[in-house]
1. Roughly speaking, what is the stretch gain from Leu235 to Trp61, that is 0.36 nm per residue apart minus the C-alpha to C-alpha distance, in nm to one decimal?
2. Please give the FRET efficiency for Ala199 paired with Glu101, using the beta carbon to beta carbon distance and R0 = 41 Å, rounded to the nearest 0.05.
3. Based on alpha-carbon centroids, what's the gap between segment 103-170 and segment 218-232 in Å, whole number please?
4. Among Tyr206, Phe183, Pro243, which residue has its Cα positioned farthest towards the positive end of the charge dipole of segment 149-257, with +1 placed on the Cβ of Lys and Arg, -1 on the Cβ of Asp and Glu, and the dipole taken about the Cα centre?
5. With r defined as the distance between the Cβ atoms of Asp47 and Lys298 and R0 fixed at 45 Å, what FRET efficiency is calculated, to the nearest 0.05?
6. Between Ala259 and Arg139, how high is the FRET efficiency from 1/(1 + (r/R0)^6) when r is the Cβ-Cβ distance and R₀ = 25 Å? Nearest 0.05.
7. If the limit is 22 Å between Cα atoms, which of Lys109/Lys157; Lys109/Lys194; Lys164/Lys191; Lys263/Lys298; Lys100/Lys237; Lys270/Lys298 go over it?
8. If the reach is capped at under 13 angstrom between alpha carbons, list the aspartates and glutamates near Lys195, excluding any in the same chain fewer than eight residues apart.
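We did not get these values from a lab; they are worked out from the coordinates using the rules stated. Keep in mind the model is a prediction, meaning the values are calculated, not measured. Note: ideal-geometry Cβ built from the backbone for every residue, glycine included; neighbour counts use all protein chains shown.
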Amino acid sequence: MRLFLSKILIFISVFFLSCEVEGQKQEESKSTPESKVEHFQMPQLPDSIVFAGELIDFTDWDLKERLDKELHAIVYYHNLIIPCLKRSTRFLPELERLMKENNLPDDFKYLAIIESGLENVTSPSGAQGFWQFMAATAREYEMTISEYIDERNDLAKSTPAAAKYIINAKDSMGSWVDAAASFNRGEAGLKKDKKWQEADSYFDTYMNTETGRYVFRILAMKLIFEDPMKYGYDLKKIEQYEPYETKSERVEEGILDVAHWSKEKGYNYKIVRKLNPWIIGNRLPNRSGGYTILLPAKDEHFSNYKD
C-alpha cells in the first residue's frame with residue numbers, strides 16, 4: 001500500500017512539474033521575436049491629393065481627419081477592397097476607355113467603385129448599375145428601362161450618361177470636386193447648401209452625413225488603388241479576374257426567346273446574361289437600331305459555361 005502511495009505521489013509531482021515547464025516554454029515562446037504577430041500600421045496621410053487635376057490641401061485639420069476616418073473605414077474592410085481589386089482587372093480597362101472617350105477625368109472611376117464595387121448592383125432606393133443611376137435620371141439621359149431591358153447595367157450606355165452628368169455639373173459649379181459631390185447630393189441640392197451657408201466649395205459646406213463623407217470615400221479609394229501594397233494589399237497574393245474575351249453580334253430584329261437564341265449560338269442563357277447584364281428578361285422586342293449582344297470570343301475561355 002505504501003509503495004502504491006509513493007508511486008502516486010511521484011506521478012503527481014512529475015505531472016505538475018511538466019505542466020510548469022510547459023507553461024514556462026509557452027510564456028517564453030510568446031516573448032520571442034520570431035513568434036510576434038506583426039500588426040499592419042496605417043501609413044501617414046498625405047499633405048495633399050490631386051483629384052481630376054485639382055489640388056486638395058490636407059493641412060486643414062478638418063479635411064485631414066475626415067479623410068483619415070474614411071481611409072480607416074475602408075482599408076480594413078477586406079470584404080469590400082479585395083473583391084474590388086479582383087474585379088478591377090476585368091472591368092476597369094473598359095470603364096477607363098469609355099470615360100476617356102467621353103472626356104471624363106480618369107479619377108472618376110473611383111466614384112464608380114464606391115458606388116457599386118464594380119458590380120451591377122441594385123441599391124435599396126432602386127439605383128442600379130456601376131454608376132447607380134435612379135430610373136428617372138437614367139431616362140433623362142436616354143437610357144432604356146423596361147421589363148426586358150435596363151441599360152443602367154450597360155457600361156456602354158451608362159458611362160457616357162455619367163460623364164455628361166458630371167461634366168455638366170462641373171461646368172455649372174466650376175469644380176470637379178463639387179461635381180463629384182453633386183453625383184450624391186444632386187446639383188440643385190449642393191448649390192442650395194452652398195448658397196444658404198455662403199460657402200465657396202464642397203469642403204467649406206456643412207453637408208448631410210452621406211454627402212459629407214462621399215468625396216472623402218472617393219479619395220480614400222484612390223489612395224488604396226494607386227498603391228495597394230502601402231495599405232496592406234499584395235496584388236501578387238490576390239487572384240485578380242481575367243477580362244472577358246468577347247465578340248459582338250448585331251441583331252437587327254427582336255428576339256422572342258433569348259434562352260433559345262443562346263442555345264442556337266452554342267451557349268446557355270446564363271452566360272449571355274452574364275456578358276449582357278442589360279438584358280433582364282427572356283425577350284428583346286423590336287426596336288430601331290436593333291441590338292449589339294456580346295458573346296464569348298473564344299470557346300475555351302468560357303469552357304465551363306458552354307454546352
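1. Result for the pair: 59.4 nm of gain on full extension.
2. With R0 = 41 Å, the Cβ-Cβ based efficiency is 0.75.
3. Their Cα centres are 23 Å away from one another.
4. Tyr206
5. Working: r = 48 Å, r/R0 = 1.06.
Here the calculated transfer efficiency is 0.40.
6. Numbers: r = 28 Å, r/R0 = 1.11.
So, using R0 = 25 Å, E works out to roughly 0.35.
7. Working: Lys109/Lys157 15 Å; Lys109/Lys194 26 Å; Lys164/Lys191 18 Å; Lys263/Lys298 16 Å; Lys100/Lys237 30 Å; Lys270/Lys298 17 Å.
Cα-Cα > 22 Å for Lys109/Lys194; Lys100/Lys237; rest within.
8. Here the aspartates and glutamates satisfying the reach criterion relative to Lys195 are Glu187, Asp204.
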